[in-house]
Amino acid sequence: MAAFTLLAVGLIDVAWIVASLLAMFVGLSIVVLALTWLERKVLGRLQLRLGPTRTGPMGLMQPIADAIKLILKEDILPSASDKVIFWVAPVIVVVSAFMIWVTIPAGPGLVIQNLDLGLFYITAFAVVGILGLVLAGWGSANKYGILGGLRAAAQLISYEIPIILVVVAVAMLAQSLDLQVIVEHQNPVLHVVVLPLGMVIFFIAGLAEVGRTPFDIYHAESEVVGGPFVEYSGAHWAVFFLAEYINTFAIAALASILFLGGWLGPGPAWLGVVWFLLKVFALVLVVFWVRGTLPRLRIDQLMAFAWKVMVPLGFYTIIITAVYLFYDWPAWTLTLMSLAGLSVVGYLIYRRVMAPVKLVKEIKARQAQQLAQRQRAQ
Amino acid sequence: MLNTVKGLMLTLASTFKGLRHPVTQQYPTVPTPVKPRFMGFPALTWDDDTPEPFCTGCMVCIRHCPTQCMSATMKDNPLNEEGKSSRKKIIDFFEINLNRCILCGICVEVCNFDAIVMSHEHEMSTSDRNGGRVDLPALLQIGRKYQAETGWIPPSVLEKQRKEAAAAQQRQEVAAAESGDDSQ
């Protein structure tokens, strides 16, 4: 009898987990479809145009139209490709994207499965997605696809490091890897106020992780005809597309949890979900804003930025957090140190970026001087 | 670095502008805005004083058309025999093949009677092969619409008004000069 009740309870647990996973899957899919619509509308308005208007009221049926179009396309399989790898690559990418969402809390206690090692789990699964990209490139049996896949892997691995460093700094601040504890720790003061450098690094490196403009060179259609995705058509490509938006949403959610206080906000506790969603959507809008403004970085500029700027800044973040914690300084010193780091780096980048302009001025001045000398000699 | 921030501020401003005044014109549901001097397909004008077309069928426009898209015949004007009109001949049959018209406006330039104008019509596609051939009643209808829309005054009348105004101005100046001499 006892064994029977145990079995029943176990089954109910399993049913509960399966139900919540299904809910997460469906909810995320709907949110991601809505994000594709929102992106096109926001980019349109940013560019003084309308975005989709004809498919349904205000173009709301556009994602569905896109989905139908992609599903109806011919599914191409290159004859020289490894069929299993070709098929498995998008699955790996999208499954790892979904797996991240299992531990992200949307409200106090609103999480599918809270893990003590939440942050560790998330960064681990972010790396699994990279494997999917390399397999996509390899499975295409296309020289440019393979190169694109390797390039994508290089970019994503390089930008994992600043993310991990900043995540370590936040974990040091909150003294835990558990996402719910990190949010609770921000109760009086948000982490973004204490460690603004961390927010900036996490956001920029997160953009690069997802493959969003200005870091989307590896799969930009106009540049490399899709990179590792070049042989994927129709529903296969739609899966990669979906994974990109899930990752974007995940980075925004993580940034809001780690730095903006997740579900914290004035009002009753059940309003937490609303605050969380508001923060995440604000960050998603910032991602779209950045996409609409900046041109793409070349792959060499991108990698140089990662290794010469982001990684040292990441180490700097850890050092100042450690110093702050070790010497027990007040929190504003950490803000000061991170802002100092940001301004120094900003100034150095400004110097480096303006250097060609100064060189042009020098050369012009020298030429003018030489011309004047020659005229005097005549 | 700074340029990135400036760029972001620019796109933020343009987002608000795009929310209020996007430059897109959703064409079929919204008519194209047409400027007053827009040159659409040619049309024939109607003289309301003696109710008849301005066109006398003199064929000058037909001779000068680069694509030879027009044809016409004239007839003796019945209103002239009754004494109601000063035009001895009037247009009987006029056809323009709009498929061939290049909208150059030469017909308007050479017309001696202010009879033909470039209307504002530009959406006259049809699905049958000879649908672009427009006859006299249709041309007069388009012309009448153009005249009503723009408050059209025949250029010769405008020219006469301008000359009279210039002559009056000159007479005034001469009179002022003479009275100035008198006073001295």
Point to revise | A:W270-A:L72 FRET efficiency (beta carbon distance; Förster radius 35 Å; 0.05 resolution) | key: 0.25
Check your understanding: Any idea which of B:N99, A:P90, B:V117 is furthest toward the positive side of the dipole for the protein assembly as shown, if Lys and Arg beta-carbons carry +1 and Asp and Glu beta-carbons -1?
Key -> A:P90
**Study point:** Pairwise centroid distance, computed over Cα atoms, of the range A:190-253 with the range B:16-34, Å
**Key:** 32 Å
**Study point:** Choice from A:V14, A:V170, A:V200 showing the highest fluctuation, given a GNM over chain A with Cα pairs closer than 10 Å
**Key:** A:V14
Review point. Can you put A:V42, A:V189 in order, fewest other beta carbons within 10 Å first?
Key: A:V189, A:V42
Review point. Pick from A:R352, A:R49, A:R212: which is most flexible by mean-square fluctuation in a GNM of chain A where alpha carbon atoms under 10 Å apart are linked?
Key: A:R352
Review point. With charges only on Cβ, +1 for K and R and -1 for D and E, what is the dipole size of chain A about its Cα centre, in debye, rounded to 20?
Key: 2080 debye
Check your understanding: Counting pairs on different chains as well as pairs 8 or more places apart, how many Lys pairs in chain A have Cα atoms under 23 Å apart?
Key -> 5
Exercise for review: Report Rg (one decimal) and Dmax (nearest whole number) for chain B, counting Cα atoms only, units Å.
Suggested key: 25.1, 85
Practice item. Rank A:A368, A:A34, A:A15 by mean-square fluctuation in a GNM of chain A with C-alpha springs under 10 angstrom and give only the top-ranked residue. Key: A:A368
**Study point:** Descending principal axes extents, the range A:73-329, alpha-carbon based, whole Å
**Key:** 61, 39, 33
Check your understanding: Arranged by the count of other C-beta atoms within 10 angstrom, fewest first, what order do A:L70, A:L179 take?
Key -> A:L70, A:L179
Study note, to complete from the structure: Ignoring trypsin sites (Lys or Arg not before Pro) buried by more than 12 other Cβ within 10 Å or outside DSSP loops, the longest site-free run in chain B is B:130-184
Check your understanding: Dipole of the protein assembly as shown (Lys/Arg Cβ +1, Asp/Glu Cβ -1, origin at the Cα centre): which of A:T55, B:G40, A:I17 lies farthest to the positive side?
Key -> B:G40
Review point. Contour minus end-to-end for B:I106 and B:M39, with contour as 0.36 nm per residue of separation and end-to-end as the Cα-Cα distance?
Key: 23.0 nm
Practice item. Would you mind classifying the range A:17-109 by shape? Square roots of the alpha carbon gyration tensor eigenvalues, ordered a ≥ b ≥ c; an a/c under 1.5 is rounded, otherwise it is prolate if a/b is larger than b/c and oblate if not. Key: oblate
Practice item. Please work out, to two decimal places, the log10 of the ratio I(q)/I(0) at q = 0.05, 0.07, 0.13 Å⁻¹ from a Debye calculation in which every Cα of the protein assembly as shown carries one identical scatterer. Key: -0.43, -0.67, -1.31
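The numbers here are math on the coordinates, done by the rules we state, and not lab data. Computed from a predicted model, the values in this text were never measured in an experiment. Here the Cβ is made from the backbone with ideal geometry for all residues, glycine too, and neighbour counts use every protein chain on show.
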